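A.B. asks: Can you keep this structure in mind? I'll have questions shortly.
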Amino acid sequence: MNGHSESAASFEAEALPHLDTLYRVALRYAGEHARAEDLVQDTMLKAYRAWDTYRRGTNARAWLLTILRNTFINEYRKRSREPTPVDFDAVDPMAIYHAVENSDPEGEFFSQIIDDRVWAAIDGLPEEFREVVVLSDAEELPYGEIAELLGIPIGTVKSRLFRGRRLLQQALYQHAVEMGYVRPREEA
């Protein structure tokens with residue numbers, strides 16, 4: 001095997017298994033599927049181009065998540081400086097109908113209500129807490145890996161995770177009562 005095919009095989013073996021994790025994290029960053037897919041695609045392209053700088057056998061997931069995060073931050077900064085053009089003549093008045101005409105929105109609603117409420121609460125967290133909660137609780141990254149990825153001390157990771165979870169508890173309390181998971185607090 002030549003150097004190029006060895007590099008490609010190495011990339012496939014070490015980087016590609018983390019696509020699902022990258023997508024889930026990208027979705028939390030971007031907030032919509034299409035942007036998340038674009039973010040993962042950009043991340044993988046950058047990772048492939050820089051694969052010769054990656055130290056084989058180290059933590060590929062953390063390396064890829066760092067690229068993903070930096071890509072998102074750079075794109076966010078770029079987008080925040082540009083106005084969003086809207087072509088009102090190109091808007092299809094039936095677009096919403098066409099998007100849902102063959103779907104089962106009621107079935108989707110009932111099958112995902114808990115997840116959607118929880119994800120909405122997570123998405124409502126301030127970014128510094130949301131990022132740590134997603135990486136720890138959703139992606140199950142260890143504290144050390146999160147600290148390295150975000151460039152913060154482990155103590156800060158733990159503190160942000162504690163505070164983020166507290167904010168989630170407050171945000172989801174009424175939902176938990178409604179779903180029968182907890183009893184309502186008695187008024188004093």
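A.B. asks: Between Asp20 and Asn74, with labels modelled 7 Å along Cα→Cβ, what's the label distance in nm to one decimal, could you check?
C.D. replies: Output for this residue pair reads 2.9 nm.
A.B. asks: Kindly state, to the nearest 0.05, the FRET efficiency for Asp38 paired with Gln174, given R0 = 41 Å and r defined as their beta-carbon distance. Kindly include the intermediate steps, with their values, before the conclusion.
C.D. replies: Values: r = 35 Å, r/R0 = 0.86.
About 0.70, to the nearest 0.05.
A.B. asks: At 0.36 nm per residue, and after removing the present C-alpha to C-alpha distance, how many nm does the segment from Glu186 to Thr53 gain when stretched out fully?
C.D. replies: Details: separation 133, 0.36 × 133 = 47.88 nm, distance 5.86 nm.
Length difference between fully extended and current span is 42.0 nm.
A.B. asks: Can you give the accessible area of Tyr54, probe radius 1.4 Å, in Å² rounded to 10?
C.D. replies: The value for Tyr54 is about 10 Å².
A.B. asks: Could you give each residue of segment 139-155 its phi-based ³J(HN,Hα) in whole Hz, using Karplus coefficients 6.51, -1.76, 1.60 with θ = phi - 60°, and x for Gly or Pro?
C.D. replies: After applying 6.51 cos²θ - 1.76 cosθ + 1.60, I find 9, 6, 6, x, 3, x, 5, 5, 4, 5, 4, 8, x, 10, x, 4, x Hz.
A.B. asks: Quick one, can you get me the convex hull of the C-alpha atoms of segment 3-79 expressed as volume per residue in Å³?
C.D. replies: Details: hull volume 6.4 nm³, N = 77.
Per residue, the Cα convex hull of segment 3-79 comes to 83 Å³.
The values are calculated or read from the model by the stated rules, or taken from the named source; none is laboratory data. Keep in mind that what you see is a predicted model, and the values were worked out from it rather than measured. Every residue, glycine as well, gets a Cβ built from its backbone with ideal geometry; the counts of neighbours run over all protein chains shown. Each accessible area value is taken on the protein alone, full model and side chains, heavy atoms only, with ligands, DNA and RNA left out. Shrake-Rupley method; radii C 1.70, N 1.55, O 1.52, S 1.80 Å.
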